[in-house]
1. Starting from 0.36 nm per residue, how many nanometres of slack lie between residue 58 and residue 127 once their C-alpha separation is accounted for?
2. Relative contact order for the chain using alpha-carbon pairs under 8 Å, separation at least 6, rounded to a whole percent?
3. Could I have the simple spin-label model distance between residue 40 and residue 120, label points 7 Å from Cα toward Cβ, reported in nm to one decimal?
4. How far is helix 10-21 tilted off the main Cα axis of the chain, in degrees rounded to 10, range 0 to 90?
5. Relative to the longest principal Cα axis of the chain, at what angle does helix 96-108 sit, 0 to 90 degrees, rounded to 10?
6. How do 33, 112 rank when sorted from fewest to most other Cβ atoms within 10 Å of their own Cβ?
7. I need the per residue convex hull volume for region 10-73, using only the alpha carbons, in cubic angstrom as a whole number.
8. Once the Cα atoms of region 96-143 are picked out, what are the Rg and Dmax in Å?
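Bear in mind these aren't lab numbers, they're just calculated from the coordinates by the rules spelled out. Small disclaimer: the values here were computed from a predicted structure and weren't measured. Positions of Cβ are generated from backbone atoms using ideal geometry, with glycine treated the same way; all protein chains shown enter the neighbour counts.
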């Protein structure tokens, strides 16, 4: 089913007016090419086009207003890094109880594979989960009687 009134393509009209005002502008030419290829422009590109279009004298103000409204409707995507002050984690402290259990078990059973694995994680300053600490305590109760 065809539309009775196809939508007015404001962006194309603004691009054409900017091109007619300055045919040597590479920025406008690249935007025209990209708009023909993809059918859309990013918010930053539209903002750049809007700034160029404001300088064109014979461009109707209703096209500028429509273009500005389209830009304002588009979502703003922030790719900024989070503030490092806020993300800064608390300094890591090793669990002395877990370290003592690991050393006690390994002095008696130096080949215990699970405890050796937990010791390597402990030595690499990785946080041992509560289940791993309870597992160490269980090993301590069973093996260090």
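1. Contour length minus Cα-Cα distance gives 18.2 nm.
2. On the way: 75 pairs, mean separation 25.3, N = 145.
Relative contact order comes out at 17 percent.
3. Inter-label distance under the simple model: 4.8 nm.
4. 60
5. Between helix and principal axis, roughly 50 degrees.
6. Details: 33 11, 112 16.
Fewest-to-most Cβ neighbours within 10 Å comes out as 33, 112.
7. Enclosed volume per residue, from the Cα hull, is 70 Å³.
8. Answer for region 96-143, Rg first and Dmax second: 9.5, 26 Å.
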